[in-house]
Structure formats: structure tokens, C-alpha cells
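Just below is one structure, and these are the notes that go with it.
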Amino acid sequence: MSPVVIPTETPSTLPPTTTPPITNPFSLTNRTIAITGGGRGLGIVLATAVLEAGGDVACLDLLPAPSAEEWLLVQKLATARGLQANYIQCDITDEVATQTALEGIAAVGMERGMPLRGAITCAGIQQMVPALEYPVELYRKMLDVNVLGTFIPAKHCARIFKEQGTPGSIVMIASMSGQIANRGLTCTAYNSSKAAVHQMCRSVAQEWGQYGIRVNTLSAGYIRTAMTDALLVAKPEVEETWMRGALLGRLGVPDDFKAPTVYMLADGSGFMTGADLRVDGGHCASA
């Protein structure tokens, strides 16, 4: 039997790489980013992150107007950078209204030479109700906002990216609660909704990658926001439970999520899709 000869060099059958070199992996220059849930809390903080990275930002929220003090800072930053920050009242569970808003944002972006190239789906609600007592109508509301309210804007942003012929990146704000059951909390509907967001991300990333559209999730840990502060006021013992798992000795603040989100939107993460980036202060690493 003749020995098998393995050539030392085999010509590659793969097409040559055409990706241009990345000179600034965290830059959002010459693009517009849409943010749902951008009227307050984490969403409005991420709006400042987009502006700091050089992009225009358009915030959508159910609120009639954004948080006044925070929005003033957003506007000042936009003016200083020669950028735009716009706010649109919109119910992201209403598909027609959301589609109309996003198409308007895309049109403005094209006029400015700042095409819509990214989205952050940040809108969400939280509720603590024991599972045995959970009213079905409240559970359904949680899924409507957290799941459909993620899918609808993601779907229409992806359609716009495809029609524009431009690559795009969608960051879905999920939660470590989509992967674990939080000690001390009775949040089965919320946790289920965030697990659904993780699977949605993987599924649409598989569908949309052919169009140059990337989709990833950011799984946040415990963040000090108005929503969580209200919860901790109602149940102060919960903070003690959370702190026992805080490997860095503190809970998160919205600023902790600016750089990770910008990274997933920008070209530096160009080979990342269908993935989850967990930023939780080590909570999931501790038993």
C-alpha cells in the first residue's frame, strides 16, 4: 500500500479577504443609531455614548418627552460635537408607528450623510410578582414590551439596512436574568422575556448575516436606575442579596455599559454576531 503524501502547502479555496483595515474600532462616525427606550435611564445614557463615538442618535420612547435634565445634557453634547440628537414619542409594540418612526430616522440620516447603521433595543419593563400569583394579562404585557418590543424595531431596522445596501449592527439589551434565576427575586415573566431575547438574537443573526447585518445581545447585571431603585426601596433586603454576589463590591451604573455597547455597534466587533456579551460585575461567576 502506497503511503499517502500530504502536500505541505495547499492553495486556499476561500475568497480573499476584502474587509478594509479598521483604524478606529470604536468609531460611530458617519452613521445614525436608533435607541428604543431612549427617554430615560440606560437608554438616554447610551445616547450620550453614541454621540461621544461620533454618531447621530435618534431616541424613541413611550414618554411624551425625555427626562428633561438628562436630555439637556444630550443636546449640549450633540451641539458641541456638531451632531444631531432627536427624540420621537413612539410605542414600540405598535408596528406601524415604529416602522414609520424608523423610516423617518433613516430618511434624515441619508440627507445628512449619516445613514442609519445601528440600533439599540433598550425599551423594557420589570415586575416582581410570585409565579403562583402572576396574572396572565400582566405576563402578556411583559412579553409584549420586552419581546415584541425588541423584535419590531429590530425587524424594521434590518429591513432598512438591507434596502440601503449598508451593513448594520443591532444591540439587543438583554439581561443576565435570561440565563439565571435571580436569588431573592420573583420575576419569572421578566426572566422569560430576556431568555427569549437571547434566542431571538441568535435566530435573526443566522437569517440576516447574509446582508451584512450583525445582531448581538448585551446581558446587563444589576444596574442602579430609577426602575431598580424603586424595587430596592420596596424590598431593601434584595440589595443585601445582590451585594453578596458583587465581586467588584458594587452594583452597576449606566455608564458601565457605554463602552461595551459602542463596541458592538462599531466596526471593531465586525466578526461578532449571534453572541452575548455579559457585563454583570461577576454575579454569574459566583455561586
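Scanning the stretch 24-48 for residues that are open to solvent by 20 Å² or more (accessible area, probe 1.4 Å) and among the small types (G, A, S), we see that the one that is nearest to the chain's Cα centre (by Cα) is G41.
The rows are residues; the columns are (1) over 18 Å from the mean Cα position of the chain (by Cα); (2) modelled with pLDDT of 95 or more; (3) under 18 Å from K155 (Cα atoms).
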position: P64; (1), (2), (3): yes, yes, no
position: K76; (1), (2), (3): yes, yes, no
position: T79; (1), (2), (3): yes, yes, no
position: T93; (1), (2), (3): no, yes, yes
position: A106; (1), (2), (3): yes, yes, yes
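Only one of the listed residues (I88, I105) is in contact (Cβ under 8 Å) with a residue 60 or more places away in the chain, hydrophobic (A, V, I, L, M, F, W, C) and over 19 Å from C201 (Cα atoms). That residue is I105. Per the conditions (1) buried (at least 22 other Cβ atoms within 10 Å of the Cβ); (2) closer than 26 Å to G168 by Cα, the sole criterion not satisfied by G281 is (2). The one condition from (1) open to solvent by less than 10 Å² (accessible area, probe 1.4 Å); (2) under 19 Å from A123 (Cβ atoms) that G55 does not meet is (2). Can you run down the residue pairs with Cβ atoms below 6 Å, 6 or more apart or on separate chains, where the first is in the stretch 200-225 and open to solvent by less than 30 Å² (accessible area, probe 1.4 Å) and the partner is of a type in the set (K, R) and not in a loop (DSSP other than H, G, I, E, B)? These pairs meet every condition: S219/R278.
Each residue in the stretch 156-181 was checked for being open to solvent by 50 Å² or more (accessible area, probe 1.4 Å), under 19 Å from L265 (Cβ atoms) and touching a residue at least 24 places away in the same chain (Cβ under 8 Å), and 2 pass. What about I120, is it in contact with a strand residue (DSSP E or B) (Cβ under 6 Å, 6 or more places away or on another chain), in contact (Cβ under 8 Å) with a residue 60 or more places away in the chain and not in a loop (DSSP other than H, G, I, E, B)? Spelling it out, I120 is indeed in contact with a strand residue (DSSP E or B) (Cβ under 6 Å, 6 or more places away or on another chain), in contact (Cβ under 8 Å) with a residue 60 or more places away in the chain and not in a loop (DSSP other than H, G, I, E, B). Scanning the stretch 133-163 for residues that are among the acidic types (D, E) and more than 19 Å from the chain's Cα centre (by Cα) yields E133, E137, E163. Just one residue in the set I92, I88 is assigned to a loop (DSSP other than H, G, I, E, B) and either buried (at least 24 other Cβ atoms within 10 Å of the Cβ) or β-branched (V, I, T) (or both); that residue is I92.
Among the residues of the stretch 69-85, write down those that are in contact with a Gly (Cβ under 8 Å, 6 or more places away or on another chain) and either of a type in the set (G, A, S) or part of a loop (DSSP other than H, G, I, E, B) (or both). The one that is in contact with a Gly (Cβ under 8 Å, 6 or more places away or on another chain) and either of a type in the set (G, A, S) or part of a loop (DSSP other than H, G, I, E, B) (or both): L83.
The values are calculated or read from the model by the stated rules, or taken from the named source; none is laboratory data. What you see is a predicted model, and the numbers here were worked out from it, not measured in a lab. Quick reminder, even Gly has a Cβ in these numbers, built from the backbone with ideal geometry, and neighbours come from all protein chains shown. Side chains included, ligands, DNA and RNA excluded: accessible areas come from the protein's heavy atoms. Shrake-Rupley method; radii C 1.70, N 1.55, O 1.52, S 1.80 Å.
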